[in-house]
Amino acid sequence: MTLQELKQLAALGEGPSLEFKRRVPRPERIAKEIIALANTDGGRILLGVGDDGTLTGVDDAAEEEFMLRHAVMNHCWPEVTYETERVVIAPRRDVIVVNVPESHEKPHKLVSDGTEGAAYVRVREMSVEASPESVELMQNGKRTDGVTVQFGEKESLLMRYLNDYGRITVEEYAQLANIPPARASETLVSMTKANVLRLHADRKEDYFTLAY
């Protein structure tokens, strides 16, 4: 990546696939950002860039890359694959471009004190904890072909609601159909696997829409 390309990228601002850090933060924090990108659509982390897109650079790129490797090895499970590239912005000042592709091994989860914790996904410019439904869909992402759903009264009620209102959460469907939240979640996930619905991650609460 050239310096000009880096400036153009930074000018876009943070978003679903782009995160800025002045340097590698504490291990669990940077691991969470990498996990979220890998669990979503992939993206880049720019180390040596301020929140406003200012290129500040890091003065010891090798040390920053060492801390990054340490964080990924010890706090991501499964370990996330990524690549780094250095862009010189001034003498002894580099920006490290961390390229994180969408993973084929998701869900990746954060490891803290040796214990496997939550998975994270990217929602706009933030990394947020993945919902149980999102994790379930990631776990079964390779096995959705051929999934069918048997439509009953409650499924038909759901479809009518979505035709009228456009979106629904697990809690809303549980209340609408007068069923336990666990069953509502199972139904919504099954219909998403069958490509009838689409799940949308959100900061407050995930929601589902029709997939067509």
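What helices (runs of 4 or more DSSP H) completely inside region 149-193 contain at least 3 residues that are of a type in the set (Asp, Glu)?
Working: elements: 153-165, 170-177, 181-193.
Qualifying helices (runs of 4 or more DSSP H): 153-165.
Just wondering, is there one or more residues in region 47-54 that are more than 17 Å from residue 95 (Cβ to Cβ) and exposed (fewer than 14 other Cβ atoms within 10 Å of the Cβ)? Show your work before the answer.
Start the filter on region 47-54 by keeping residues that are more than 17 Å from residue 95 (Cβ to Cβ), which leaves none.
Taking every residue of region 47-54 in turn, none turns out to be more than 17 Å from residue 95 (Cβ to Cβ) and exposed (fewer than 14 other Cβ atoms within 10 Å of the Cβ).
Please go through region 60-92 and give me each residue that is loosely packed, with under 15 Cβ neighbours inside 10 Å and within 22 Å of residue 8 (Cα to Cα), ordered by number.
83, 85, 88, 90, 91, 92, listed by residue number.
Bear in mind these aren't lab numbers, they're just calculated from the coordinates by the rules spelled out. The structure displayed is predicted, hence computed values, not measured ones. With ideal geometry, Cβ positions are generated from the backbone for all residues, glycine too; neighbour counts draw on all protein chains shown.
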